[in-house]
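Notes for the one structure printed next.
The values are calculated or read from the model by the stated rules, or taken from the named source; none is laboratory data. Bear in mind that the values here come from a model prediction, so they are computed numbers and not experimental data. Cβ placement follows ideal geometry from the backbone for every residue including glycine, while neighbour counts extend to all protein chains displayed.
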Amino acid sequence: MPHRFENAEEWAKRFDDPERDTWQKPDEVVKALALPEDAKVADIGAGTGYFAVRLARAVPRGRVYGVDIEPDMARYLGERAKRENLGNLEPVLGGAEDPRLPELVDVAIIVDTYHHFGDRAGYMRRVHESLRPGGRVVIIDYRKESPRGPPAEHKLPPEQVRGELESVGFRQVGTHDFLPDQYFLVFERG
């Protein structure tokens, strides 16, 4: 599903709208990740930093890479990290085929973004290579029946996501069901 997300300041009004907290439940999501304080985390499709800033606060002795393919989003996230005094949050200008992470990470989280990937298997192979042994990838995306998110024809069922990730060496190790509009799948690097 190709889609451009230029003009970060405009997108921030939507992405960081406090109303989003009621259904996205970001604090519960971060808590469910059970991250050690020194974890290295990649927020892939970080956008304006809705999750990245929360993750950075959750891992004060760790590092968070906010990955986005839009240069303006990476710029905005870097400025936001400075503004919010989050020295452990680093924007990364990723590619459409590769997150371009500067080091191996413990966890990669992909929220509301997986359905945008063109070559999902190829991209997830790169994510697999970017994780430490035993590292996890978390996919949170919209259920088909959800009134939120992209049009229904662009939404992927969790079974399809599971199959795609298993085909590149991940194995599902968990799921959470507290999000009203999305599935929350946890995979481990095999």
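Can you name every residue in the stretch 124-140 that is crowded, with 20+ Cβ neighbours inside 10 Å and either of a type in the set (G, A, S) or part of a loop (DSSP other than H, G, I, E, B) (or both)?
Applying the first criterion (crowded, with 20+ Cβ neighbours inside 10 Å) to the stretch 124-140 yields 124, 127, 130-131, 135-140.
S130, G135, listed by residue number.
Could we say that K82 is at pLDDT 90 or above and under 22 Å from V173 (Cβ atoms) here? When the stated conditions are applied, K82 does not pass them. Looking only at residues of the stretch 89-123 that are surrounded by fewer than 18 Cβ atoms within 10 Å (Cβ to Cβ), touching a helix residue (DSSP H, G or I) at 6+ places or on another chain (Cβ under 7 Å) and over 21 Å from P133 (Cα atoms), we find that the one that is modelled with the highest pLDDT is L93.
Candidates F170, F187: the one that is within 19 Å of E28 (Cα to Cα), under 17 Å from the mean Cα position of the chain (by Cα) and either acidic (D, E) or at pLDDT 95 or above (or both) is F187.
Looking at this structure, is E145 free of Cβ contacts under 8 Å to residues at least 24 places away in the same chain, more than 14 Å from the chain's Cα centre (by Cα) and surrounded by fewer than 17 Cβ atoms within 10 Å (Cβ to Cβ)? Full working, then the answer.
Details: free of Cβ contacts under 8 Å to residues at least 24 places away in the same chain: yes; more than 14 Å from the chain's Cα centre (by Cα): yes; surrounded by fewer than 17 Cβ atoms within 10 Å (Cβ to Cβ): yes.
For E145, the condition - free of Cβ contacts under 8 Å to residues at least 24 places away in the same chain, more than 14 Å from the chain's Cα centre (by Cα) and surrounded by fewer than 17 Cβ atoms within 10 Å (Cβ to Cβ) - is met.
The requirement of being of a type outside the set (F, W, Y) and in a helix (DSSP H, G or I) is fulfilled nowhere in the stretch 95-102; no residue meets it. Scoring E28 on the criteria (1) surrounded by fewer than 15 Cβ atoms within 10 Å (Cβ to Cβ); (2) in contact with a Phe, Trp or Tyr (Cβ under 8 Å, 6 or more places away or on another chain); (3) assigned to a helix (DSSP H, G or I); (4) at pLDDT below 95 leaves a single failure, condition (4). Taken over the stretch 149-173, the criterion of being at negative phi, touching a strand residue (DSSP E or B) at 6+ places or on another chain (Cβ under 6 Å) and part of a loop (DSSP other than H, G, I, E, B) is satisfied by K155 alone.
Could you count how many residues in the stretch 46-93 are within 26 Å of A32 (Cα to Cα) and part of a loop (DSSP other than H, G, I, E, B)? Residues in the stretch 46-93 being within 26 Å of A32 (Cα to Cα) and part of a loop (DSSP other than H, G, I, E, B): 15 in total. Residues in the stretch 33-45 that are modelled with pLDDT of 95 or more and buried (at least 17 other Cβ atoms within 10 Å of the Cβ): L33, L35, A39, K40, V41, A42, D43, I44.
Would it be correct to say that H115 is touching a residue at least 12 places away in the same chain (Cβ under 8 Å), in contact with a Lys or Arg (Cβ under 8 Å, 6 or more places away or on another chain) and within 23 Å of W23 (Cβ to Cβ)? First the steps, then the outcome.
Values: touching a residue at least 12 places away in the same chain (Cβ under 8 Å): yes; in contact with a Lys or Arg (Cβ under 8 Å, 6 or more places away or on another chain): yes; within 23 Å of W23 (Cβ to Cβ): yes.
Yes, satisfied.
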